[in-house]
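These notes are about the structure you will find just below.
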Amino acid sequence: MSLQFIIGNSGAGKSFRAYQRVIREATAHPEKMYYVIVPEQFTMQTQKTLVEMHPQKGILNIDVLSFERLAYRIFEEVGGDTRKVLEETGKNMILQKLVQVSQKKLVYLKNQMKKPGYLDEVKSLISEFMQYEVRKEELDKMIQDASDKPLLQMKLKDVAVLYEAFREYLSEHFMTAEEVLEVLAKEIPFSEKLKGSTVVLDGYTGFTPVQHTVIRELLQVCEHVTVTVTMDVREQLLAKGKPHELFYMSHKMIRSLSEFTRDMKEPIWVKAGAESRFAKAPALNFLEQNLFRYHRGAYNEKQKEVQIFQAGNPEREMEETARRISRLVREHGYRYGQIAVITGNLEEYGSIARHVFDAAEIPFFVDEKHSVLMNPFVEYLRAALEMTVQGFSYESVFRYLRCGMSDLSRREVDILENYVIALGIRGYKKWQESWIRRPKYMEEENLEILNHNRVRLVEKVDTLVYVLRQRSKTVKDVTIALYEFMVREELQLKLQRQSEAFQEAGELALAKEYSQVY
């Protein structure tokens, strides 16, 4: 059916125009379905935007989806492939198995795969091959073309072995997220929901070959497909351009999609107006119009919307940032919540910002992901497993006790550790036996307290130790034992209490982490 592009500069209002039209048509034709397809990370924000824009504050016949979610929506309707979708961890496990099975065929990679991170790199490469529909014939040609580069050729041969084995294994058991779209493309013609519907593709700078296949099928069954494209309105629509040019990808996307249909509607060119993103920021608007352009101008206005400060090191940068934030709050009426500091290197600048903002008494929140492994709850479970596996070695026992999740206080753990070091206690058997030896500095009643704490520790992990020491144990046995250990220790309740304590102390980030980690 028909294809139309909505083209405009960054922030000109392309999405707004597309959403306005969808809402207007959806209100006029409640019997029809309208699909807005955006990248996965934007689905929730787009739903929110559409609801806020809609006069009735509801989007009953407008569905906001990513390509993957569209696939599952269609599978619910028409059925399709019944294989399970393989997650990233599953890919790793299968690749590890295939490496072991294909040892004799692998010349270069069989030893390299043992290095940290190598398996992930190969997995990413194979995922990309599947995403871009690379076939065996194309890989064979790559290998042949690399005849003058022996090392590259060797690597490609090994990757080809793993790629072929991976696809063969999946064909019988699973499908990957990349294959979901292949299956979707085959099922689109049978979907009644998509027939006669309108589809808007928003937020994309380009499409992979498998997404192209899906769009080609959508154009066969949908009444209208609209695609928003970020491109300077001064550009020519079907110009080929060169790879180094700013809007090369936009031109490429327009040309490739145009080949899928003869029913091309006149494109809508959206020029920046009073409602555009930079309408009230002339300096940013000038920057958007001139940055990376050949015929750029010079900004002569006196406003200081964009300022550049050069410093000798990151510490000086953050100190100046803190001074300017304080000035904005004190002298210009801003609130801290209205100010954002954006950096391309959060690892380095995040720690500096904490130190500098604390010193300047500026409240802040660092928007970064924390590894779940750093949480005391997870460390407690890992330490418990390590302690049972290592037979109560000194290091593993006190790693477990110092996580702060056991019922022993820090002082009790310190006294216990001093005794264990002084008398050289090692191994599970020693922890089961009653301690009767008493150092010169210790009173009799203190030894009784020590034995009481020893018994408390052993009783808590006794069942876990018993299961893990069985030769015939299964993954199920270990999982149940670990879960029962968590229940006995009331870890969920402890985490809830800690979350509430952080909430009262104003540590909202930690409160949220502790409420989610269980």
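Counting only protein chain heavy atoms and rolling a 1.4 Å probe, the accessible areas of H295, H29, H54 rank, largest first, as H295, H29, H54.
Each residue of segment 98-113 was assigned a 3J(HN,Hα) from its phi angle through the Karplus curve 6.51 cos²θ - 1.76 cosθ + 1.60 (θ = phi - 60°); the sequence is 5, 4, 5, 5, 9, 3, 5, 7, 8, 8, 9, 7, 4, 8, 5, 5 Hz, with glycine and proline shown as x. With both labels modelled 7 Å from their Cα along Cα-to-Cβ, the E77 to M154 distance reads 5.3 nm. Using a probe of 1.4 Å, the accessible surface attributed to M44 totals some 150 Å² when neighbouring protein chains are kept in position.
Heavy-atom accessible area, probed at 1.4 angstrom with all protein chains present, ranks T226, T343, T479 as T479, T343, T226, highest first. Accessible area per residue for the chain, computed on protein heavy atoms with a 1.4 Å probe, is 61 Å².
Net charge in the neighbourhood of P314 (other residues with Cβ under 14 Å of its Cβ; Lys, Arg +1, Asp, Glu -1) is -4. Across segment 114-131, rounded Karplus estimates of 3J(HN,Hα) from the backbone phi angles (6.51 cos²θ - 1.76 cosθ + 1.60, θ = phi - 60°) give 7, 6, x, x, 5, 4, 4, 5, 5, 4, 4, 5, 5, 4, 5, 4, 5, 5 Hz, Gly and Pro being marked x. Stokes-Einstein diffusion for segment 221-368, with the hydrodynamic radius set to the Kirkwood value over Cα pairs and evaluated at 37 °C in a medium of 0.692 mPa s, equals 166 µm²/s.
Computed from backbone phi with θ = phi - 60° and the Karplus coefficients 6.51, -1.76 and 1.60, the 3J(HN,Hα) list for segment 191-205 is 8, 6, 4, 7, 4, x, 8, 10, 10, 10, 9, 10, x, 9, 9 Hz; x is used for glycine and proline. Size check on segment 59-118: the Cα extents along the three principal axes, sorted descending, read 56, 23, 15 Å. Rounded to the nearest 0.05, the FRET efficiency derived from the C-beta distance between Q112 and K57 at R0 = 60 Å is 0.60. For M175, the amide hydrogen comes within under 5 Å of the amide hydrogens of K84, V85, L86, counting only partners 5 or more places away or on other chains and with H modelled in the peptide plane. Sequence-distant contacts, meaning Cα pairs under 8 Å at least 6 residues apart, place the relative contact order of the chain at 16 percent.
Accessible surface of T213, taken over heavy atoms with a 1.4 Å probe and every protein chain present, rounds to 40 Å². Other residues whose C-beta falls under 14 angstrom from the C-beta of Q503 contribute a net charge of -2, scoring Lys and Arg +1 and Asp and Glu -1.
Shown here for segment 2-76: trypsin sites (Lys or Arg not before Pro) in loop regions (DSSP other than H, G, I, E, B) with at most 15 other Cβ atoms within 10 Å, namely K32, K57.
Taking amide H as placed 1.01 Å from N in the peptide plane, G8 has its amide H under 5 Å from the amide H of V229, M231, V270, each at least 5 places away in sequence or on another chain. Near S515, once Lys and Arg are set to +1 and Asp and Glu to -1 for all other residues with Cβ below 14 Å from its Cβ, the sum equals -1. On the basis of the beta-carbon distance and an R0 of 45 Å, F309 and I449 show a calculated FRET efficiency of 0.15. Solvent-accessible area assigned to carbon and sulfur over the chain amounts to 52 percent, based on a 1.4 Å probe.
Protein-only accessible surface at a 1.4 angstrom probe places the residues K430, K476 in the order K476, K430, largest first. Over the Cα atoms of segment 68-221, each weighted equally, I'd like the Debye log10 I(q)/I(0) at q = 0.11, 0.18, 0.19, 0.20 Å⁻¹, rounded to two decimals. Results for segment 68-221 at q = 0.11, 0.18, 0.19, 0.20 Å⁻¹ read -0.52, -1.09, -1.17, -1.24. Applying a DSSP loop filter and a limit of 16 other Cβ atoms within 10 Å to the GluC sites (Glu not before Pro) in segment 25-117 leaves E31, E87. Taking the DSSP bridge list for the chain and keeping only pairs wholly inside it, about 0 percent are antiparallel. Using only alpha carbons, segment 376-518 has a radius of gyration to Kirkwood radius ratio (Rg to Rh) of 1.01. For segment 161-242, the fraction of alpha-carbon pairs lying more than 20 Å apart is 52 percent, rounded to a whole number. Normalise the Debye intensity by I(0) for segment 1-88, one equal point scatterer per Cα, no solvent, then take log10 at q = 0.11, 0.17 Å⁻¹ and round to two decimals. Reported log10 I(q)/I(0), two decimals: -0.39, -0.84. Taking 7 Å steps out from each Cα toward its Cβ at T205 and K240 produces label points 2.3 nm apart. Taken as Cα centroids, segment 1-73 and segment 273-314 sit 30 Å apart, rounded to the nearest whole angstrom. For Rg/Rh (Cα atoms, Kirkwood Rh), one of (1) 1.00; (2) 1.05; (3) 0.95 was computed from the structure I shared and the rest are decoys. Which label? Matching the structure shown: (2). So what's the back-of-envelope 222 nm ellipticity for the chain, counting only DSSP H runs of four-plus at -39500 (n - 2.57) apiece and dividing by all residues, rounded to 500? So the helix-based figure for the chain works out to -17500 deg cm²/dmol. Each pair of Cα atoms in segment 442-492 enters the Kirkwood radius, and Stokes-Einstein at 25 °C and 0.890 mPa s then converts it into a translational diffusion coefficient of 195 µm²/s.
In a DSSP loop and with at most 10 other Cβ atoms within 10 Å, the chymotrypsin sites (Phe, Trp or Tyr not before Pro) in segment 429-475 are Y441.
Each residue was assigned an accessible area with a 1.4 Å probe, and for I339 the value is about 50 Å². Remark on V200: its backbone amide H falls under 5 Å from those of Y35, V36, I37, T226, a criterion applied only to residues 5 or more positions apart or on other chains, H modelled at 1.01 Å from N.
The values are calculated or read from the model by the stated rules, or taken from the named source; none is laboratory data. Quick caveat, the model's predicted, so the values are computed rather than measured. Heads up, the Cβs are rebuilt from the backbone with ideal geometry, glycines too, and the neighbour counts pull from every protein chain shown. Just the protein is used for accessible areas: all its heavy atoms, side chains included, with ligands, DNA and RNA removed. Shrake-Rupley method; radii C 1.70, N 1.55, O 1.52, S 1.80 Å.
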